[in-house]
Every structure is written in structure tokens, then in C-alpha cells.
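Trainee: Take this structure first; my questions come after.
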Amino acid sequence: MRPMGSLGFHRLISTFLGIGYIPKGGGTVAAVVCCIAWYFAWSGGNEHFWAPLLVILALLALGVYSSGKVEAGWGKDSYRVVIDEVVGMGVTLLFIPVRWPYLVIGLLLFRFFDIAKPLYIRKMEQLSGGWGVMMDDVLAGVYSNLLLQLIVFAIRL
């Protein structure tokens, strides 16, 4: 068996274990996979407060580094790079009760902000290297999270 090498590792991370190789809709698939993983990893109550944040921060750091490494071969913000969608979806779900309706609403909000790119989201793409790849999705996740927090608050009233 041939060793993977560092570029292979960065491709694996950037494509989120190969999801990015899906020719159409890889970003949406990655976001859905994130929602499913989030449910199974964090459902069960509010005792999981810092762990999801630490996981997202670690994935963000890994994503910035790996997406920057694959940019030379794949071009700026290639469709294959979907780790940004995973991180953005994770930001959307931070500090939200883990319930299927909230996951679905969060997914819809995140995909809207990620695709439409309003409110300075598109401007984030101008950052250099992996930062430009990751930060537009992080900002889309922040906006989605804020709206989702309002929805959760309104439902609980």
C-alpha cells in the first residue's frame, strides 16, 4: 500500500473524507452529513457546551490550512473543498438545542446564506488562501446561528 503523503491528507480533509468529489451538490451533502453527525454526537442535553465549539475551532484551523494547500492544484475555492461547509454548518448549530426541526431550519438558513452571500459574506472570499475559502462560510454560519437563536427563543416563549 502506498503512503498517502501530505497532499493526499490535505485533499482528504478539504473534501471532508471524499464528499467534495461529488460533482454537483457536494457542499449541500457535506452540510447534511454535518447535521446528521451533529445529532448523533451532541444529542442528549445541554451538557455538551464547550466540546462542539472546540471541534469547530479545530476543523476551522485544519480547513484553513488544508484548503490553502490544495488551492495550488485545484484553484481558488474549488467545488471539491467542502470542509468550509462543514465548519459553517457547525457554526450554525453551536449553542442550539439538538432537535431535528432546528437542524433542518439551520440547514436551510445556512445554505441560503452560503449560496446568496449577502451582508459582506462574498467579501470574505477575497481573503487570501484558506482564509478566503473558510471565512465566507463561517460568516454565513454566524448569520444563520443568530437567526436560528431567535427562532428557538420565539418557539420557547
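Trainee: Here's a check for you: in segment 52-66, which residue that is farther than 23 Å from A116 by Cα and of a type outside the set (A, V, I, L, M, F, W, C) is surrounded by the most Cβ atoms within 10 Å (Cβ to Cβ)?
Mentor: S66
Trainee: Here are A72, A51, A37: which of them is at pLDDT below 90 and outside any loop (DSSP other than H, G, I, E, B)?
Mentor: Checking each option against the conditions leaves just A72.
Yes/no per residue for (1) of a type in the set (S, T, Y); (2) in contact with an Asp or Glu (Cβ under 9 Å, 6 or more places away or on another chain); (3) crowded, with 21+ Cβ neighbours inside 10 Å:
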position	(1), (2), (3)
V32	no, no, no
W38	no, no, yes
W50	no, no, no
G68	no, no, no
G75	no, no, no
V87	no, yes, yes
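Trainee: Which number in (1) at pLDDT 95 or above; (2) touching a Gly at 6+ places or on another chain (Cβ under 8 Å) marks the one condition that I151 misses?
Mentor: (2)
Trainee: Please work out if L7 is closer than 21 Å to V142 by Cβ and open to solvent by 50 Å² or more (accessible area, probe 1.4 Å).
Mentor: no
Let's see how each residue does on (1) in contact (Cβ under 8 Å) with a residue 40 or more places away in the chain; (2) assigned to a helix (DSSP H, G or I); (3) surrounded by 19 or more Cβ atoms within 10 Å (Cβ to Cβ):
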{"residue": "R80", "(1), (2), (3)": "yes, no, yes"}
{"residue": "D84", "(1), (2), (3)": "yes, yes, yes"}
{"residue": "P101", "(1), (2), (3)": "no, yes, no"}
{"residue": "G106", "(1), (2), (3)": "yes, yes, yes"}
{"residue": "L109", "(1), (2), (3)": "no, yes, yes"}
{"residue": "D114", "(1), (2), (3)": "yes, yes, yes"}
{"residue": "Q126", "(1), (2), (3)": "no, no, no"}
{"residue": "V138", "(1), (2), (3)": "yes, yes, yes"}
{"residue": "Y143", "(1), (2), (3)": "no, yes, yes"}
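Trainee: Is it the case that L147 is hydrophobic (A, V, I, L, M, F, W, C) and either surrounded by 19 or more Cβ atoms within 10 Å (Cβ to Cβ) or touching a Cys at 6+ places or on another chain (Cβ under 7 Å) (or both)?
Mentor: Here the answer is no, as L147 does not meet what is asked.
Trainee: Give me the pairs, please: first residue somewhere in segment 20-36 and touching a residue at least 12 places away in the same chain (Cβ under 8 Å) and over 20 Å from V70 (Cα atoms), second residue anywhere and open to solvent by less than 10 Å² (accessible area, probe 1.4 Å) and not in a helix (DSSP H, G or I), beta-carbon distance under 8 Å, and either six or more positions apart or on two chains.
Mentor: Sorted first by the residue in segment 20-36, then by its partner, the pairs are V29/V82.
The values are calculated or read from the model by the stated rules, or taken from the named source; none is laboratory data. Here the structure is a predicted model, which means the values were calculated and not measured. Glycine gets a Cβ as well: all are built from the backbone with ideal geometry, and neighbour counts include every protein chain shown. Heavy atoms of the whole protein, side chains included, go into the accessibility calculation; ligands, DNA and RNA do not. Shrake-Rupley method; radii C 1.70, N 1.55, O 1.52, S 1.80 Å.
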